[in-house]
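Working notes for the structure below.
The values are calculated or read from the model by the stated rules, or taken from the named source; none is laboratory data. Keep in mind that this is a model prediction, so the values were computed, not measured. Counting neighbours? That spans all protein chains shown, and the Cβs are built from the backbone with ideal geometry, glycine included. All accessible areas refer to the heavy atoms of the entire protein, side chains included, with ligands and DNA or RNA removed. Shrake-Rupley method; radii C 1.70, N 1.55, O 1.52, S 1.80 Å.
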Amino acid sequence: MLLKRMVLSLAVLLLLAACAQMQSQGGETVLPEPRGGFVTDMAAFEQFIATRPGPEDFRRVYPDVLLVLPGDIATREYRMNNSRYFAHLDEAGRITGGQFQ
């Protein structure tokens, strides 16, 4: 009996943790605060991209990073400061990945 209660409690805690991780309000994902400058925290950036943000969300969170979308005209000079992100989009126009160049 005690074991069942412990397992049930653990399941509830895991569910609550998952809900908190999703950071949702009324079904909409809450975006992180804007991060000025170029991308230095790659782990946080990759987590953000994993949420499949739209171009407008990307520009709000990373205002100093130039977002280059498919079809945009851009030069191909090499930048080592993660200041220009060439995005890959899905059918809905959401960012699914890309690379800095």
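A few notes on this one:
- Output for the range 33-83, where each listed residue is of a type in the set (Val, Ile, Thr) and either within 11 Å of PHE100 (Cα to Cα) or surrounded by 11 or more Cβ atoms within 10 Å (Cβ to Cβ) (or both): VAL39, ILE49, THR51, VAL61, VAL65, VAL68
- The residue pairs whose first member lies in the range 76-93 and is on the phi > 0 side of the Ramachandran plot, whose second member is part of a strand (DSSP E or B), and whose beta carbons are closer than 9 Å, counting only pairs six or more residues apart or on different chains, are ASN82/PHE100.
- Checking the stated criteria, PHE86 turns out to be open to solvent by less than 80 Å² (accessible area, probe 1.4 Å) and among the hydrophobic types (A, V, I, L, M, F, W, C).
- Every residue from the range 10-33 that is at pLDDT 65 or above and either out of contact with any Asp or Glu (no Cβ under 9 Å at 6 or more places or on another chain) or of a type in the set (Val, Ile, Thr) (or both): VAL30, PRO32, GLU33
- Qualifying positions in the range 61-86 - farther than 16 Å from PHE38 by Cβ and not hydrophobic (A, V, I, L, M, F, W, C): PRO70, GLY71, ASP72, THR75, ARG76
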